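S.K.: Encoded as structure tokens, here's the structure I'll be asking about.
The values are calculated or read from the model by the stated rules, or taken from the named source; none is laboratory data. As the structure is a prediction and not an experimental result, all values here were calculated from the model. Cβ sites come from the backbone with ideal geometry, for glycine too, and all protein chains shown count toward neighbours.
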Amino acid sequence: MYQAPRGTKDILPQEQAYWRYVEAKASAICQLCGYERIDTPAFEDAGLFTRSVGQGTDIVDKEMYTFQDRGGGKMALTPEGTAPVCRAYIEHGLSNKPQPVRLYYLTSIFRYGRPQAGRYRQHYQFGLEAIGDADPALDAEVIDMARQFYLSLGLEGFSLQLNSIGCKICRPAYLDSLTSYYADRTSHLCPDCRRRLERNPLRLLDCKRPSCQEVAEATPRSIDHLCSGCERHWQRLKAYLALLDLPHEVNHRLVRGLDYYTRTVFEVQIGEGAQSALGGGGRYDDLIEELGGKPTPAIGFAAGMERIILNLKKQGVPVPALSQPEVFVAYAGDKAKEAAIKLMAGLRQAEMATIAALGDKSLKAQLRQANALGVGRVVIVGEEEAARDTVVLRDMASGQQREVPSRSLVAELKSVSL
Ligand code: AMP
């Protein structure tokens, strides 16, 4: 027996109301703030991610689904959403549009991690990118959108963590001080962190192992090593967040798992534990240039859909039910079946959502099915009605029914109830 691959899951019809709800809220906040939708392919040249996310990151080193296609190209299923959007920005000359270009996406993300609750090998992200301006007011806009998005969903109890990790001017000196701090403490570090110390010392700060966390407590802080440009940006950002009354905590150990971030990084967290990140983002002022475009500052944010839905359920947030068929067509007899099939087509043409059991069930079984599906109105065609060109219209709640001519059925259904 085949099963969905480990770390993936089917989204069954009964789950869809949650998904449509979250997608609708995502589109709504984007529309409100002037962000336009973009869709990029499910796979890209693997080099796009090695170049942007960075060698030495878990995503590239351990989690990327890479494969060689039949033409010999090395491809990767998208392990994150920002690099493809930047690739599209460069490829389609979006720098010629008024800046910043504001885009959003809803897409599948593939990462070969260890599956656990809230962590999948294929998950979905809602993400947004504002490309083409270095104004810290844009950082504040994106952070505020993240917050408004979660609020609009009805989620409570999330917090916003914020940090600045500097830029290519000030980061080297910070990394030096970080490396020398850790160099004296390697015996307390996990094997992964000892490796990271060589390749990617920033990542030592967010290791989840208790022993590494203890060492990280007293590390030098990036915000104490900012160059004047980064310092000004950081101060302005904090002023804008204050202007917006946007609650946040500065977290010196927040670095994020991708190499392309500069200056602002932020994360939205809920509850405790390894799966507490609801979403995150930051500035990536060098990425577009790194990918072959002109120097173009930008900032983005991405939210994990599964974790949102997990928390909506946990918090008992009600979501609107999806619309059901309005009419169920039932029949008894061969002639009646033909009349029913025609009727059903006519109702659908009149844009009334209509369903029938089809098959050879008894009339009683068909009515039971209409009831189980929660369809309020049933159109019944028997042999006699078929001969007379009429139908019986039944209201399932009251059990009342009456005969109406087939040709006036649509008008009857569209007028008030029975
Ligand atoms: P990232 O691209 O790692 O910043 O992820 C953005 C958001 O996607 C995270 O904050 C999580 O909510 C969610 N996320 C990341 N990885 C996974 C995963 N493997 N399974 C489910 N959700 C994830």
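S.K.: May I ask you to list the residues in the range 323-349 that are at pLDDT 95 or above, farther than 16 Å from Arg377 by Cα and in a loop (DSSP other than H, G, I, E, B)?
M.R.: Across the range 323-349, the qualifying residue is only Ala332.
S.K.: Can you pull out every residue in the range 362-407 that is more than 16 Å from Met344 (Cα to Cα), assigned to a helix (DSSP H, G or I) and in contact with a Lys or Arg (Cβ under 6 Å, 6 or more places away or on another chain)?
M.R.: Glu383
S.K.: Give the range 267-324 a look and list any residue that's of a type in the set (Val, Ile, Thr) and either within 18 Å of the chain's Cα centre (by Cα) or closer than 13 Å to Tyr150 by Cβ (or both), or say none.
M.R.: Step one: of the range 267-324, the residues of a type in the set (Val, Ile, Thr) are 268, 270, 288, 296, 299, 308-309, 317, 319.
Residues satisfying the conditions are Val268, Ile270, Ile299, Ile308, Ile309, Val317, Val319.
Let's see how each residue does on (1) assigned by TED's automatic domain parsing to the domain that holds His123; (2) at pLDDT 95 or above; (3) of a type in the set (A, V, I, L, M, F, W, C):
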position: Thr219; (1), (2), (3): no, no, no
position: Arg232; (1), (2), (3): yes, yes, no
position: Glu249; (1), (2), (3): yes, yes, no
position: Glu267; (1), (2), (3): yes, yes, no
position: Ile288; (1), (2), (3): yes, yes, yes
